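The values are calculated or read from the model by the stated rules, or taken from the named source; none is laboratory data. Nothing here was measured: the structure is a model prediction, and the numbers come from that model. Every residue, glycine among them, receives a Cβ derived from its backbone with ideal geometry; neighbour counts consider all protein chains shown.
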Amino acid sequence: MNKIPLLDLTQQYKGIRNEVRDAIDRVLESGHYILGPETKALEAEIAEYCGVKHAIGVGNGTDALQLALDAAGVKAGDEVITTPFTFFASAEVVSQLKATPVFVDIDPKTYNLDVEQLKKAITPKTKAIIPVHIFGQPAQMDEIMELADQHDIFVLEDAAQAIGSEYKGKRIGSWGHAATFSFFPTKNLGGYGDGGMIVTNDDELAAKLRILRVHGSSPKYYHSMIGYNSRLDEIQAAALRIKLRHLDDWNNARAEKAAYYNKKLAELPVVTPFHAEDRKHIYHLYNVQTEDREGLMAHLKENGIASGIYYPLPLHLQEVYKDLGYKKGDMPNAETISQKIFALPLYPELSEETIDHIVAVVRNYFE
Ligand SMILES: *Cc1c(COP(=O)(O)O)cnc(C)c1O
């Protein structure tokens, strides 16, 4: 067998090559390259897809988080609660705004914020909560919103890994006061470069975000706030519009492959992803847990199968956050899981034969 990558974007491209080339060519011919008609159309399409009023295209998923928090008024002295089991950006943006990230341990099944722990972490300084729908599995949004409303706290969904997933029949992105997406190439809806978006039902917040992304100016050269240079370009927007039409099919294919893996791996000493009945999980990554992760990953590599660790060190133990005062043992679930978890190859075009082969190599390791 040929080498098996964790994700193969070239196969996806083969299926949409002509559509994408035509779309990009249209942009090149138009002479309009940043924040033009393609961005506007993509914003409308994503807003409709999520069932919200507004969508604002920005430079990347990290900027989307930061602009949303900034627009919501997060500032020095505020506390923002999030999970330690996420990509660094979820907390980094809090620090960029000189606010303090407060970490809360995760539920060991869903890997998302543990709502009971979250309750205990709220203080009078809590300005915002950032639930991260990690790996495409939605967080418990109804309980989080109820809690936030009681305390008048802003909720920003970090949906970078979860576009198209649903919680209790309602799309992710429409639960929080705002939500953000990343169009980094490896995400379920990925561009051919960087891109990001914020969605919200809040008219005032949306208007502010549209000003913030262009240096705080409206009209041009008249500045009412200190803003950012964070814009979506037309080539990305045009390509993303093509891909958005395929997103549900791709997400469903990922979920089918994940279910197939679950079935095949059932007899082996690995913990497969938890699937809650009330959620649609879009499997941004297919992660399993095992006791001897390093040994199994080395065995897979010897057999030409890629795997990866998401994420090896929880954020409360990162060197840059040592001044926050957390220590080992503070977040036992995140700490234990980050020692055992790793991702197997998963993408919509992955065949069942290839999964059979991967599982055979895994089985062979335990035998
Ligand atoms: C990818 C990702 C981001 C950042 O998105 P970029 O577009 O790379 O800036 C933020 N949060 C999570 C959970 C992510 O997976």
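Numbers at a glance
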{"quantity": "Cross-chain or 6+ apart pairs with Cβ under 7 Å, the stretch 213-227 first and among the acidic types (Asp, Glu), then not in a loop (DSSP other than H, G, I, E, B)", "calculated": "none"}
{"quantity": "Number of the condition not met by ARG213 [criteria: (1) in the same structural domain as VAL58 (by TED's automatic domain parsing); (2) surrounded by fewer than 17 Cβ atoms within 10 Å (Cβ to Cβ)]", "calculated": "(2)"}
{"quantity": "Test: residue in the stretch 51-63 that is under 25 Å from the mean Cα position of the chain (by Cα), charged (D, E, K, R) and over 20 Å from ASP158 (Cα atoms)", "calculated": "no"}
{"quantity": "Every pair of residues 6+ apart whose Cβ atoms lie under 7 Å, when the first sits in the stretch 291-316 and is on the phi > 0 side of the Ramachandran plot while the second is buried (at least 18 other Cβ atoms within 10 Å of the Cβ) and among the aliphatic types (A, V, I, L, M)", "calculated": "GLY304/ILE4"}
{"quantity": "Extreme residue, nearest to ASP249 (Cα to Cα), among residues of the stretch 276-289 that are more than 16 Å from the ligand (Cβ to nearest atom) and touching a residue at least 60 places away in the same chain (Cβ under 8 Å)", "calculated": "LYS280"}
{"quantity": "Residue selected from the stretch 208-231 under the condition among the hydroxyl-bearing types (Ser, Thr, Tyr) and assigned to a loop (DSSP other than H, G, I, E, B), by the criterion nearest to the chain's Cα centre (by Cα)", "calculated": "SER230"}
{"quantity": "Test for ARG254: is it under 25 Å from ASN287 (Cα atoms), assigned to a helix (DSSP H, G or I) and among the basic types (Lys, Arg)", "calculated": "yes"}
{"quantity": "Considering residues of the stretch 231-278 that are among the polar types (S, T, N, Q) and buried (at least 22 other Cβ atoms within 10 Å of the Cβ) only, the residue farthest from ALA360 (Cα to Cα)", "calculated": "GLN236"}
{"quantity": "Any chance GLN140 is of a type in the set (S, T, N, Q), touching a Leu at 6+ places or on another chain (Cβ under 9 Å), surrounded by fewer than 24 Cβ atoms within 10 Å (Cβ to Cβ) and at pLDDT 95 or above", "calculated": "yes"}
{"quantity": "Qualifying residues in the stretch 305-337 (those that are surrounded by 19 or more Cβ atoms within 10 Å (Cβ to Cβ) and of a type in the set (Gly, Ala, Ser)) - the one nearest to TRP250 (Cα to Cα)", "calculated": "SER307"}
{"quantity": "Residues (buried (at least 21 other Cβ atoms within 10 Å of the Cβ) and either more than 16 Å from the ligand (Cβ to nearest atom) or not acidic (Asp, Glu) (or both)) located in the stretch 61-79", "calculated": "GLY61, THR62, ALA64, LEU65, GLN66, LEU67, ALA68, LEU69, ALA71, ALA72, VAL74"}
{"quantity": "Search result, residues across the stretch 80-99 that are polar (S, T, N, Q), near the ligand (Cβ under 10 Å from one of its atoms) and more than 18 Å from ALA148 (Cβ to Cβ)", "calculated": "THR86"}
{"quantity": "Strands (runs of 3 or more DSSP E) fully within the stretch 61-167 counting 2 or more residues that are in the same structural domain as GLU204 (by TED's automatic domain parsing) and of a type in the set (Asp, Glu)", "calculated": "154-158"}
{"quantity": "Members of the stretch 168-186 found to be within 10 Å of the ligand (Cβ to nearest atom), in a loop (DSSP other than H, G, I, E, B) and crowded, with 21+ Cβ neighbours inside 10 Å, listed by number", "calculated": "PHE183"}
{"quantity": "Any hit, the stretch 168-175, residues being closer than 30 Å to ASP323 by Cβ and small (Gly, Ala, Ser)", "calculated": "no"}
{"quantity": "Matching residues, the stretch 30-60, being aliphatic (A, V, I, L, M), in a strand (DSSP E or B) and within 16 Å of the ligand (Cβ to nearest atom)", "calculated": "ALA55, ILE56, VAL58"}
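Yes/no matrix, rows are residues, columns are (1) touching a helix residue (DSSP H, G or I) at 6+ places or on another chain (Cβ under 6 Å); (2) over 30 Å from PHE181 (Cβ atoms); (3) assigned by TED's automatic domain parsing to the domain that holds ALA159; (4) outside any helix (DSSP H, G or I):
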{"position": "ALA298", "(1), (2), (3), (4)": "no, yes, no, no"}
{"position": "ASP323", "(1), (2), (3), (4)": "no, yes, no, no"}
{"position": "ASN333", "(1), (2), (3), (4)": "no, no, no, no"}
{"position": "THR336", "(1), (2), (3), (4)": "no, no, no, no"}
{"position": "GLN339", "(1), (2), (3), (4)": "no, no, no, no"}
{"position": "TYR347", "(1), (2), (3), (4)": "no, no, no, yes"}
{"position": "THR354", "(1), (2), (3), (4)": "no, no, no, no"}
{"position": "VAL359", "(1), (2), (3), (4)": "yes, yes, no, no"}
